[in-house]
Amino acid sequence: MPEPLLQVTGLSKHFGGHRGLVARLGGVPAPRLVAVDDVSFSIARGEIFSLVGESGSGKTTLGRTILRLVEPTSGHIVFDGTDITTLRPAQLRKARRQIQMIFQDPVSSLNPRLTVRQMLGEVLRVHAVRPASQVQARIAELLALVGLPADSIDRTPKHFSGGQRQRIGIARALAVEPRFIVADEPVSAVDVSVQSQIMNLLLDLRERLGLTLLFIAHDLSVVRYLSDRVGVMYLGRIVEVGSRDQLFSAPRHPYTRALLSAAPRPDPNHRATIAAITGEPPSPLNPPSGCHFHTRCPLATDLCRSVAPLPELVAPGHEVRCHHHDHAAVTA
């Protein structure tokens, strides 16, 4: 098997909570928010790997930690053979030409005062991607690449629709000619009618530029359309990883099965065969012992409440963290 472009091993990110004056004087330790908890996975070159899960599961924090927009608490991130968790600021800046991010909300991620020319030109100049004499031509190339008209160049974000703003965000990410992109729910803030256009654009860019993508989403229909492989996150942990067909046709974790059952289908005669997930996710400030999902799982036993399951290979390329995945498969 070829070496993956990205290899994440044992990655965790904890945030320190706030303590009041009385707690500080009394020596009470600060609460710890566990956003990402011992996550390991890899992404092959040219692959679209998707992360899916409920809001608050840690998907966005994981994506930002991989880019070191937030610093990991522990673990390693190896990109193309280089452990980027050990890079100094100057080295990291150079590495970021290869790894970029498309943000969820183009309204907040684009500077409202800058024109498209200024936004893209700044990126090209700061990273010295092209000589000054070629900057304007490169901006025109980027606009054409993401399907924006040439006369967009001197307009500010307020003159664009939501889908067009997201195309600007994609152009900005592509400006430094990266090989790997983290796309953080890039279609969730646009109209449904525009979502398919953005998804098809990402697929086209993958083919034309040889990109590798980590795609973060909560919409299972989007994930199914785009992905080569899928990882399912719950309360900071990846509980199941497999190919798109494995995850959607033969899910082995109770959480994955419940997510798929809850997803709407365009069939009025369809009735879910699996009960919806009950209750609210536990707080990441106080995650449950053992399997994090045991507080909402219909298969939970005392083993689940006390011992965290380790990843187990249930089929080639299909890994699951569940003590009772055999029973989950039988009842699927």
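Throughout, read-outs are computed from the coordinates displayed, never taken from laboratory work. All values derive from a computational prediction rather than experimental measurement. Note: ideal-geometry Cβ built from the backbone for every residue, glycine included; neighbour counts use all protein chains shown.
Database remark: amide H of residue 13 closer than 5 angstrom to the amide H of 35, 36, 37, 38, 73 (H placed geometrically; neighbours at sequence offset of 5 or more, or on other chains; Pro and chain starts carry no H). Cross-link partners for residue 13 among the lysines, with Cα-Cα distance under 17 Å and sequence neighbours closer than 8 places in the same chain left out: 59. In sequence order, the stretch 242-250 has phi-based couplings of x, 5, 4, 5, 4, 5, 8, 9, 9 Hz under the Karplus curve 6.51 cos²θ - 1.76 cosθ + 1.60, θ = phi - 60°, and Gly or Pro positions carry x.
What's the extension gain from residue 307 to residue 136 if we count 0.36 nm per residue and subtract their Cα-Cα distance? Mind showing how you got there, number by number?
On the way: separation 171, 0.36 × 171 = 61.56 nm, distance 5.82 nm.
Gain on stretching residue 307 to residue 136: 55.7 nm.
Distant-in-sequence amide contacts of residue 231, defined by a placed amide H-H separation under 5 Å and a gap of 5 or more residues or a different chain, comprise 50, 51, 52.
Can you give the % of DSSP beta bridges in the chain that are antiparallel, to the nearest 5? Restricted to the chain, the bridges split so that about 60 percent are antiparallel. Its Cα centre serving as origin, the stretch 159-213 has a Cβ charge dipole (Lys and Arg +1, Asp and Glu -1) of approximately 160 debye.
Excluding same-chain neighbours fewer than eight residues apart, the aspartates and glutamates reachable from residue 94 by a Cα-Cα span under 13 Å are 177.
Once you charge only the Cβ atoms, +1 for Lys and Arg and -1 for Asp and Glu, what is the size of the charge dipole of the chain about its Cα centre, to the nearest 20 debye? Kindly include the intermediate steps, with their values, before the conclusion.
Numbers: 37 positive and 29 negative charges, 211 e Å.
Dipole about the Cα centre, nearest 20: 1020 debye.
In the chain, the longest principal axis of the Cα atoms and the axis of helix 192-209 are about 70 degrees apart. Distances between every pair of Cα atoms in the stretch 122-231, grouped in 10 Å steps from 0 to the bin holding the largest one, split as 13, 45, 33, 9, 1 percent. Loop-located trypsin sites (Lys or Arg not before Pro) in the stretch 59-156 (DSSP state other than H, G, I, E, B) with a sparse environment of at most 10 neighbouring Cβ atoms within 10 Å: 113. Toward the positive end of the charge dipole of the chain, with +1 on the Cβ of Lys and Arg and -1 on the Cβ of Asp and Glu, the farthest Cα among 67, 190, 41 is that of 67. Converting phi to 3J(HN,Hα) with the Karplus coefficients 6.51, -1.76 and 1.60 and the offset θ = phi - 60°, the stretch 122-131 yields 4, 4, 5, 6, 4, 8, 6, 6, 9, x Hz in sequence order, with x at every glycine or proline. A cut-off of 5 Å between modelled amide H atoms, ignoring neighbours fewer than 5 places along the same chain, links residue 101 with 182.
Compute the orientation-averaged projected area for the chain from the convex hull of its Cα atoms and round it to one decimal in nm². Walk me through the intermediate numbers first.
Working: hull surface 81.1 nm².
Projected area, direction-averaged: 20.3 nm².
Look at the alpha carbon pairs under 8 Å that are at least 6 residues apart: their mean separation over the length of the chain gives a relative contact order of 20 percent.
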